[in-house]
Each structure stands twice: as structure tokens, then as C-alpha cells.
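Here, each number is a calculation from the coordinates, and none is a lab measurement. This is a predicted model, so every value here is computed, not measured. Positions of Cβ are generated from backbone atoms using ideal geometry, with glycine treated the same way; all protein chains shown enter the neighbour counts.
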Amino acid sequence: MKKLNMIYEGKAKQLYTCEREDALIIHYKDDATAFNGAKKAQIEHKGMLNNAISTIIFKEMARAGIPTHYLETLNDRDQLCKKVHIIPLEVIVRNVIAGGMSKRLNIPEGTPSPKPIYELCYKNDELGDPLINEDHALALGVVSESELITIKTLTLQINEVLKKLFDQVGILLVDFKIEFGKTPDGKIVLADEISPDTCRFWDKETMMKLDKDRFRRDLGKVEDAYQEILRRLELIKTV
Ligand code: TMP
């Protein structure tokens with residue numbers, strides 16, 4: 001399957017049409033941004049690493065019965081995915097307090113949460129992706145009440161699948177952000193990517209950060225951290 005026309009370019013990926021009407025090719029770039037695009041860099045091999053990591057995770061989701069947009073990995077940087085309408089919500093789950101929530105509520109980073117915290121942000125760069133609740137999402141008209149129930153149910157299931165997957169390889173799933181899409185027949189599916197760009201992963205023994213916070217906070221060894229996540233997932237991917 002070949003890439004035809006680029007129809008969208010985001011911060012970390014490009015979207016291309018292909019010969020299949022019902023599918024798109026997602027191309028993973030090495031570009032990294034933080035703070036709504038204010039900080040920019042290239043992370044060598046990031047596109048390849050996130051494509052490989054996201055592939056393993058989406059296959060694991062399918063095994064667990066989670067509907068996703070993923071169809072096939074075409075090469076080092078390209079994935080074939082179902083064409084969906086992306087719902088403009090960033091859906092976040094936090095198992096351990098870190099990052100934005102730690103700052104907002106002055107809770108020390110690393111504090112475990114008594115239960116998974118479910119958050120929604122309105123995906124809108126001009127507004128800086130503001131934190132919203134389910135009523136705000138309804139008022140924005142981006143989702144229906146029954147779709148919100150589906151999204152929350154799937155998200156909490158995805159958290160369990162991800163926590164278990166990473167726990168097996170000594171990694172604490174601190175938090176993550178996912179996005180959902182709607183197929184032409186109205187089905188809600190997990191879309192976008194799941195990678196160290198969109199999750200916080202800490203080594204369970206050393207608490208070393210193995211995700212994009214290494215870039216956001218200038219901690220160095222960004223590529224090494226992404227390589228380490230892939231190396232650990234490779235240990236279990238065929239089991
Ligand atoms: P936060 O603590 O900065 O709100 O981030 C929560 C999670 O969401 C974390 O795993 C990183 C991820 N995330 C994204 O994927 N994209 C973003 O633009 C932001 C701000 C966070």
C-alpha cells in the first residue's frame with residue numbers, strides 16, 4: 001500500500017490517503033514538540049520507535065477486545081489505519097499524580113491515586129487544550145451522552161490492559177492520553193497513537209522516567225528511553 005496525498009500534518013505525524021477508500025496511512029515523524037508547540041526538536045529515530053511501540057500496544061488492545069483504528073504496520077514509519085473522524089477530546093487517565101495535575105493541585109509528583117483519575121481536555125491548540133468535564137464536552141457538541149459512556153468505559157478498560165502489559169516488564173504506567181475516532185457507521189474506536197510521547201512510564205525499581213518528560217524537562221537520553229520501552233515490550237510481544 002502506497003502513500004498518495006498528504007491530507008494533514010500534525011506535530012508528530014502525517015496522514016496520507018491511499019488506494020483504500022476506507023483507510024489512511026499514518027506516517028510517524030521524528031519531530032517532537034512540547035508546551036503546545038513552543039518547544040521543538042527532532043528526536044532521532046522517534047518515528048520508527050513510536051510506530052513500533054504503538055503497533056505492539058494496538059495489537060495488545062485488539063487481543064483484549066478493544067476496538068481500534070489499527071489495521072496493519074506497513075514499514076518502519078507507516079501504519080495503515082481505518083479512516084475515522086477524530087473526536088476532539090484528549091482523554092487522560094492518571095494512576096499516579098504527575099505533570100499537569102501535580103502542578104494544578106500542588107500534589108507532589110509520584111503520589112499514587114486511590115483510583116484511576118479520568119480527565120477530558122478539549123483538543124484545541126488555540127485554546128491550549130483546556131481541561132473540561134463531560135457536560136462541557138456535550139455543550140461543545142463534539143460527542144453524545146451515550147458516546148461519552150462508551151469512551152469512559154473503554155478508557156478504563158484500556159488503562160487496565162496497559163497497566164498489566166507494562167507491569168510485566170517492570171514499568172509503572174503513571175498516566176496517559178488517548179484519542180477516539182468515529183467510523184462512518186458510528187462506532188467509537190481507539191485511534192491516534194499510544195507511545196512514550198503520550199504516556200508517562202517510570203521504571204518500577206529506579207523510578208527513572210522513560211518517556212517524553214525527558215524531552216519536556218531537558219533530562220537527556222530521550223532516544224535511549226524510547227528504545228528501552230521498545231526493548232521491554234519486545235520481550236513479551238510474542239508470548
Ligand atoms: P499532563 O500531566 O501534562 O496533563 O499530561 C498527562 C498525560 O498526557 C501524559 O502522559 C502526557 C500526555 N500528554 C499528551 O499526550 N499530549 C499533550 O499535549 C499533553 C499536554 C500531555
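Using 7 Å Cα-to-Cβ label points, what is the Lys40/Arg217 separation (nm, one decimal)?
Taking the two extended label points, one gets 2.6 nm.
Quick one: 3J(HN,Hα) in Hz for region 95-103, Karplus 6.51/-1.76/1.60 with θ = phi - 60°, rounded, Gly and Pro as x.
These are the phi-based 3J(HN,Hα) values: 9, 10, 6, 7, x, x, 6, 4, 5 Hz.
Tally Lys/Arg at +1 and Asp/Glu at -1 over every other residue whose Cβ is under 15 Å from the Cβ of Pro130; what's the total? Provide the component values of the computation, followed by the final result.
Details: positive: Lys103, Arg104, Lys123, Lys177; negative: Glu90, Glu119, Asp125, Glu126, Asp129, Glu134, Asp135.
Around Pro130, the charge tally is -3.
When you have a sec, figure out the Kirkwood radius of the chain from all distinct Cα pair distances and drop it here in Å to one decimal? Provide the component values of the computation, followed by the final result.
Details: mean 1/r = 0.0546 Å⁻¹.
Kirkwood radius, the chain: 18.3 Å.
Where Lys and Arg each count +1 and Asp and Glu each count -1, what net charge lies around Glu9 among other residues with Cβ under 11 Å from its Cβ?
Counting the neighbours of Glu9, the net charge comes to +2.
Sum up the charges of everything whose Cβ sits under 13 Å from the Cβ of Met208, counting Lys and Arg as +1 and Asp and Glu as -1, but leave Met208 out.
Numbers: positive: Arg200, Lys204, Lys209, Arg214, Arg217, Lys221, Arg232; negative: Asp203, Glu205, Asp211, Asp213, Asp224, Glu228.
Around Met208, the charge tally is +1.
Taking H as built 1.01 Å from N, whose amide H comes closer than 5 Å to the amide H of Ile66, not counting residues under 5 places away?
HN-HN under 5 Å from Ile66: empty list.
Give me the log10 of I(q) over I(0) for region 70-142 at q = 0.27 Å⁻¹, as the Debye formula computes it from C-alpha points; what are the numbers?
-1.14
Over all directions, average the projected area of the Cα convex hull of region 8-139 and note it in nm².
Details: hull surface 41.0 nm².
If I average the Cα hull's projected area over directions, I get 10.2 nm².
Could you quote the convex hull projected area for region 1-71, Cα atoms only and averaged over all directions, in nm²?
On the way: hull surface 23.2 nm².
For the Cα atoms of region 1-71, the hull's average projected area reads 5.8 nm².
With labels modelled as points extended 7 Å from the Cα through the Cβ direction, what inter-label distance (nm, one decimal) is found for Asn133 paired with Ser113?
It works out to 1.6 nm between the two label points.
Let's test this: bin the Cα-Cα distances of region 132-232 at 10 Å from zero up to the farthest pair and state each bin's percent.
Bin by bin from 0 Å, the calculated values are 14, 39, 27, 19, 2.
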